[in-house]
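Inspection log for the structure reproduced underneath, given as C-alpha coordinates.
The values are calculated or read from the model by the stated rules, or taken from the named source; none is laboratory data. Every value quoted in this text rests on a predicted model; they were computed, and no experiment measured them. Note: ideal-geometry Cβ built from the backbone for every residue, glycine included; neighbour counts use all protein chains shown. Accessible surface areas use protein heavy atoms only, side chains included; no ligands, DNA or RNA. Shrake-Rupley method; radii C 1.70, N 1.55, O 1.52, S 1.80 Å.
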Amino acid sequence: MSDVEVEFYWRPGCGFCAALERPLSKSGFKVKRVNIWEDPDAAARVRSVADGNEVVPTVFVGSTAMVNPSFGEIEAAVKAASV
(Lines give C-alpha, C1' and ligand atoms only; values in the text may rest on other atoms or scores of the structure.)
Protein backbone atom coordinates (compact mmCIF):
# COMPACT_ATOMS: atom_id res chain seq x y z
CA MET A 1 0.00 0.00 0.00
CA SER A 2 1.14 3.52 -0.77
CA ASP A 3 1.57 6.42 1.66
CA VAL A 4 0.36 8.78 -1.06
CA GLU A 5 -2.87 10.53 -0.08
CA VAL A 6 -5.81 10.62 -2.47
CA GLU A 7 -7.91 13.75 -1.94
CA PHE A 8 -11.46 12.92 -3.02
CA TYR A 9 -13.72 15.96 -3.46
CA TRP A 10 -17.42 15.08 -3.58
CA ARG A 11 -20.91 16.31 -2.72
CA PRO A 12 -24.07 14.59 -1.45
CA GLY A 13 -26.37 13.17 -4.10
CA CYS A 14 -23.64 12.81 -6.73
CA GLY A 15 -24.02 9.43 -8.43
CA PHE A 16 -20.59 9.66 -10.07
CA CYS A 17 -19.07 10.29 -6.63
CA ALA A 18 -20.86 7.26 -5.16
CA ALA A 19 -19.67 5.08 -8.04
CA LEU A 20 -16.05 6.16 -7.52
CA GLU A 21 -16.31 5.86 -3.73
CA ARG A 22 -16.88 2.09 -3.95
CA PRO A 23 -13.52 1.13 -5.52
CA LEU A 24 -11.70 3.83 -3.54
CA SER A 25 -12.98 2.45 -0.25
CA LYS A 26 -11.76 -1.03 -1.19
CA SER A 27 -8.42 0.12 -2.63
CA GLY A 28 -6.41 0.38 0.57
CA PHE A 29 -5.34 3.89 -0.50
CA LYS A 30 -5.12 6.63 2.09
CA VAL A 31 -8.19 8.69 1.10
CA LYS A 32 -9.14 12.13 2.39
CA ARG A 33 -12.83 12.76 1.62
CA VAL A 34 -13.89 16.40 1.29
CA ASN A 35 -17.52 17.49 0.89
CA ILE A 36 -17.41 20.66 -1.23
CA TRP A 37 -20.81 21.76 0.12
CA GLU A 38 -19.36 21.92 3.64
CA ASP A 39 -16.01 23.50 2.77
CA PRO A 40 -15.96 26.70 0.66
CA ASP A 41 -12.17 26.47 0.23
CA ALA A 42 -12.55 22.96 -1.17
CA ALA A 43 -15.21 24.15 -3.61
CA ALA A 44 -12.85 26.92 -4.73
CA ARG A 45 -10.04 24.40 -5.21
CA VAL A 46 -12.29 22.27 -7.41
CA ARG A 47 -13.32 25.33 -9.45
CA SER A 48 -9.64 26.19 -9.93
CA VAL A 49 -9.04 22.97 -11.88
CA ALA A 50 -12.49 22.49 -13.46
CA ASP A 51 -12.80 25.61 -15.62
CA GLY A 52 -14.63 27.51 -12.89
CA ASN A 53 -17.20 24.75 -12.29
CA GLU A 54 -17.82 22.65 -9.20
CA VAL A 55 -17.47 19.33 -11.02
CA VAL A 56 -17.27 16.32 -8.73
CA PRO A 57 -15.76 13.93 -8.24
CA THR A 58 -12.50 15.79 -8.46
CA VAL A 59 -9.42 14.01 -7.17
CA PHE A 60 -5.95 15.27 -6.31
CA VAL A 61 -2.98 12.93 -6.01
CA GLY A 62 0.04 15.02 -5.12
CA SER A 63 0.14 17.82 -7.68
CA THR A 64 -2.03 15.90 -10.16
CA ALA A 65 -5.64 17.07 -10.44
CA MET A 66 -8.25 14.86 -12.12
CA VAL A 67 -11.82 15.93 -12.86
CA ASN A 68 -14.30 13.03 -12.96
CA PRO A 69 -11.53 10.42 -13.19
CA SER A 70 -11.86 6.69 -13.50
CA PHE A 71 -10.52 4.52 -10.71
CA GLY A 72 -7.82 3.34 -13.12
CA GLU A 73 -6.62 6.91 -13.60
CA ILE A 74 -6.41 7.39 -9.83
CA GLU A 75 -4.58 4.11 -9.41
CA ALA A 76 -2.04 5.13 -12.06
CA ALA A 77 -1.53 8.53 -10.42
CA VAL A 78 -0.93 6.91 -7.02
CA LYS A 79 1.62 4.52 -8.55
CA ALA A 80 3.38 7.40 -10.34
CA ALA A 81 3.47 9.48 -7.13
CA SER A 82 4.85 6.53 -5.14
CA VAL A 83 8.02 6.28 -7.22
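Things worth noting here:
- Accessible-area composition of the range 31-80, carbon plus sulfur, in percent [1.4 Å probe]: 46
- Å² of accessible area per residue within the chain, as computed with a 1.4 Å probe and no ligands counted: 58
- Rough spin-label spacing in nm, given labels placed 7 Å along Cα→Cβ, for Phe71 and Asp41: 3.1
- A simple rule links phi to the HN-Hα coupling: the Karplus curve 6.51 cos²θ - 1.76 cosθ + 1.60 with θ = phi - 60°, which for the range 51-67 gives 6, x, 9, 9, 7, 10, x, 10, 10, 10, 10, x, 8, 8, 10, 10, 9 Hz, with x for Gly and Pro.
- For the chain, the alpha-carbon radius of gyration amounts to 1.00 times the rule-of-thumb value 2.2 N^0.38 Å expected for a compact globular protein.
- Note on Ala18 and Glu54: their simple-model spin labels are 1.9 nm apart, each label 7 Å out from Cα toward Cβ.
- Dipole of the range 32-83, positive end: most advanced residue of Ser82, Met66, Ala50 [Cβ charges, Cα centre]: Ser82
- The relative contact order of the range 37-83, computed from alpha carbon pairs under 8 Å that lie at least 6 residues apart in sequence, is 23 percent.
- Average Cα contact separation per residue, the chain, under 8 Å, 6 or more apart, as relative contact order %: 36
- Under the span-like rule (Cα at least 18 Å along the axis, Kyte-Doolittle mean at least 0.0), DSSP H helices of the chain: 15-27
- Annotation: Cα Rg of the range 32-78 relative to the compact-globule expectation 2.2 N^0.38 Å equals 1.09.
- Summing Cβ point charges (Lys, Arg +1; Asp, Glu -1) relative to the Cα centre of the range 1-58 gives a dipole of roughly 220 debye.
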